[in-house]
Amino acid sequence: MLSRVLSSAVLGIEAATVEVEVDLARGLPAFSIVGLPETAVKESKDRVKAAIKNSGYKFPNDRITVNLAPANIKKEGTGFDLPIALGILAASGQLGSASLDAHLFSGELSLDGSVKPVCGCLSIADKARRQGLKGIFVPAANAEEAAVVGGLEVFGAQNLPQVVSMLRGEGTMMAVVVKPDELFKQEDAAVLDFAEVKGQQHVKRALEIAAAGGHNVLMIGPPGSGKTMLAKRLPTILPPLNLEEALETTKIHSVAGLLPANQSLVLRRPFRSPHHTISDAGLIGGGAIPRPGEVSLAHNGVLFLDELPEYRKNVLEVLRQPLEARTVTISRAALSLTYPASFMLVAAMNPCPCGYFTDPQHTCQCTNNQIQRYRAKISGPLLDRIDIHVEVPAVSYRDLSAVPAGEASETIRKRILAARRIQARRFAAANIFSNSHMTSSYIRRYCRVGKEASHLLEMAVDKLGLSARAYIRILKVSRTIADLDGKRSIEAEHVSEALQYRSFSSNYSI
């Protein structure tokens, strides 16, 4: 007898429908799974057999063949346990197949029949909704995550008998309902605040510009000057996630298995700070079956690289492509997957190995060769892709002992939101969310400069030897500064300020 159950395989951050076909035939008892299954899927045979028996059902003593179609898609994970078990019960006549066609099933089975959580349920639910299915059965721990999609019934399964009883019409399960708008209202207040940062007004200004336009930032300064402290507070002034961004960000974290058990939606912009010993695969993503890396986990948020020259050079160089394309494509022999990677890069570094090259209070102990080797780890093409370079000097005692606090994050955020609203109106017809995403046509249209500003740019390009990419990024930063100033046109003062953030080479010459 043959039965069919719908399930799903996660590819990248999207899901593909998989038809689980179960055939029972006379012959010596055997249990085989075909359809390009990986190890975890092959091991489901033992879990499914024990779960069916321990749940009080009869495991057929026949030749069982399970086909996961289409067979050209690699099947990974433990989410096929539940649909395989239901297919076996339906094929052996212990479960009617009428309800199986309208629902999609995913879940890992424990040996006692309980249903354990799996990764990627949000992507699976989104696929089921787009396919027009009536509902989806997922582990109870993943039910709220799947219900965020809306438009279909989501049932949280505790165990196999509960699902079978529901499908037989003998029992009932309440569909889980989640209202995303209410989740955003429950967002906790930020713990960190820019008001806690003493001094460094010009650095705060640079970070405000970066947040307003989505620009990349490099902070250079001696140890203890507050680079890490400032970077950690950057997410508190970024615009809040909208529902579309939150869903896409949640998909990535769900696929990676990093979504907390009590959280159904990522409500805050991610802040990822990988250690400098990370590999290129850990940063970009990879593995035999590609998984998202730090650049994708930072999607719609901030990727902070502290002590930038301490990262291996080959690791830093792989950042060049996602900084431009805002996606990461990982190719393997069996498949090629693309992950989104639209993030703000915030990097921090010392001016030299000892850290005191520009500090008037300390003597630098480094030789010229040591400093050159230290800075050579950061290539010119990578520096070109960082819009804002800002010096973070040591904080004076006067600033440290000052009683008045600085501006609060909420105050800065209001100005940034006003600038973002200008950009939203400007790019309403395009899939662009900030000035840093502008393409060439939009740069020509919205980044025109007057004669005085053009003269400033000409002198800067000649004196600093700026590349075409650096020139374009200066225009983008100038456009953001003008938006913060509420001006329609880019003026000389906006260009002048933007040029101050491209002076890494001249300020740190040996």
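Kindly state, to the nearest 0.05, the FRET efficiency for Thr411 paired with Ser496, given R0 = 25 Å and r defined as their beta-carbon distance. Don't skip to the answer; put the middle values down first.
On the way: r = 25 Å, r/R0 = 1.00.
For Thr411 and Ser496, the calculated efficiency is 0.50.
Among 286-299, 170-183, how do they line up by average Cβ neighbours within 10 Å per residue, starting with the highest? Numbers along the way, then the final one.
Values: 286-299: 21.9, 170-183: 12.6.
By packing density, highest mean first, the sequence is 286-299, 170-183.
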task: Evaluate the charge dipole of the chain about its Cα centre and quote only its size in Debye, nearest 20, assuming +1 on the Cβ of each Lys and Arg and -1 on the Cβ of each Asp and Glu.
output: 860
message: Could you tell me the ratio Rg/Rh of segment 234-348? Both radii from Cα atoms, Rh via Kirkwood.
response: 0.96
query: Can you list the residues of segment 147-181 with backbone N under 20 Å from a point 7 Å past the Cα of Gln94, pointing along Cα to Cβ?
result: 157-172
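Filter Lys313/Lys476; Lys75/Lys127; Lys204/Lys463 down to the pairs with a C-alpha to C-alpha distance above 18 Å, please. List each step's numbers first, then the result.
Working: Lys313/Lys476 27 Å; Lys75/Lys127 16 Å; Lys204/Lys463 27 Å.
Listed pairs above 18 Å: Lys313/Lys476; Lys204/Lys463.
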- line: As a Kirkwood estimate from alpha-carbon pairs, segment 63-135 has a hydrodynamic radius in angstrom of 13.5
Solvent-accessible area of Glu307 with every protein chain in place, 1.4 Å probe, in Å² to the nearest 10: 60
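Please work out how much length the chain gains when fully extended from Arg445 to Thr277, using 0.36 nm per residue of separation minus the C-alpha to C-alpha distance, in nm with one decimal.
Working: separation 168, 0.36 × 168 = 60.48 nm, distance 4.28 nm.
Full extension of this stretch gives 56.2 nm more.
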- prompt: Between segment 195-230 and segment 327-341, what's the alpha-carbon centroid distance in Å?
  reply: 33
- request: Quick one: divide the alpha-carbon radius of gyration of segment 104-179 by 2.2 N^0.38 Å and tell me what you get.
  value: 1.01
- prompt: At q = 0.13, 0.20, 0.23, 0.26 Å⁻¹, what base-10 log of I(q)/I(0) does the Debye formula yield for segment 227-293 when every alpha carbon is treated as an equal point scatterer in vacuo?
  reply: -0.47, -1.01, -1.14, -1.18
- request: Quote to one decimal, in nm, the extra length available between Ser396 and Tyr471 on full extension: 0.36 nm per residue of separation minus the C-alpha distance between them.
  value: 23.6 nm
- line: Here the convex hull volume per residue of segment 1-75, taken over Cα atoms and given in Å³, is 100
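Given axes a ≥ b ≥ c from the Cα gyration tensor, I'd like to know whether segment 393-510 is rounded (a/c under 1.5), prolate (a/b larger than b/c) or oblate. Write out the running numbers ahead of the final one.
Working: a/c = 2.22, a/b = 1.16, b/c = 1.91.
Since a/c reaches 1.5 but b/c is at least a/b, the shape of segment 393-510 is classed as oblate.
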task: May I ask you to work out the translational diffusion coefficient for the chain at 4 °C, viscosity 1.567 mPa s, via Stokes-Einstein with Rh from the Kirkwood sum over Cα pairs, reported in whole µm²/s?
output: 51
task: Run the quick spin-label model on Asn369 and Ser165: label points 7 Å from Cα toward the beta carbon, then report their separation in nm to one decimal.
output: 7.8
- prompt: What shape does segment 192-231 have by the C-alpha gyration tensor, where a ≥ b ≥ c are the square roots of the eigenvalues, rounded means a/c under 1.5, and otherwise prolate means a/b greater than b/c and oblate the rest?
  reply: oblate
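Using a cut-off of 10 Å between beta-carbons, work out the net charge of the residues near Phe194 (Lys and Arg +1, Asp and Glu -1, Phe194 not included).
Numbers: positive: Lys204, Arg233, Arg413; negative: Asp193, Glu196, Glu208, Glu407, Glu410.
Value of the local net charge: -2.
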field: Cα shape, segment 263-316, gyration tensor, a/c 1.5 rule
entry: oblate
field: Radius, Kirkwood style, for segment 306-393 when every pair of distinct Cα atoms is counted (Å)
entry: 15.1
Inter-label distance, nm, simple model (7 Å from Cα along the C-beta direction), Ala333/Glu244: 4.0
task: For segment 91-240, would you read off the P(r) tail past 26 Å as a percentage of all alpha carbon pairs?
output: 50
query: What's the FRET efficiency of Ala30 with Leu192 using the Cβ-Cβ distance as r and R₀ = 60 Å, to the nearest 0.05?
result: 0.55
- request: Please give the length that would be gained between Asp485 and Lys179 if that part of the chain were fully extended, namely 0.36 nm times their separation in residues minus their C-alpha to C-alpha distance (nm, one decimal).
  value: 106.4 nm
message: Can you give me the accessible area per residue for the chain, using a 1.4 Å probe, in Å²?
response: 44
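The values are calculated or read from the model by the stated rules, or taken from the named source; none is laboratory data. Just so we're clear, the structure is a prediction, and the values are computed from it rather than from any experiment. Neighbour counts are summed over all protein chains in view; Cβ atoms, including those assigned to glycine, are modelled from backbone coordinates with ideal geometry. Just the protein is used for accessible areas: all its heavy atoms, side chains included, with ligands, DNA and RNA removed. Shrake-Rupley method; radii C 1.70, N 1.55, O 1.52, S 1.80 Å.
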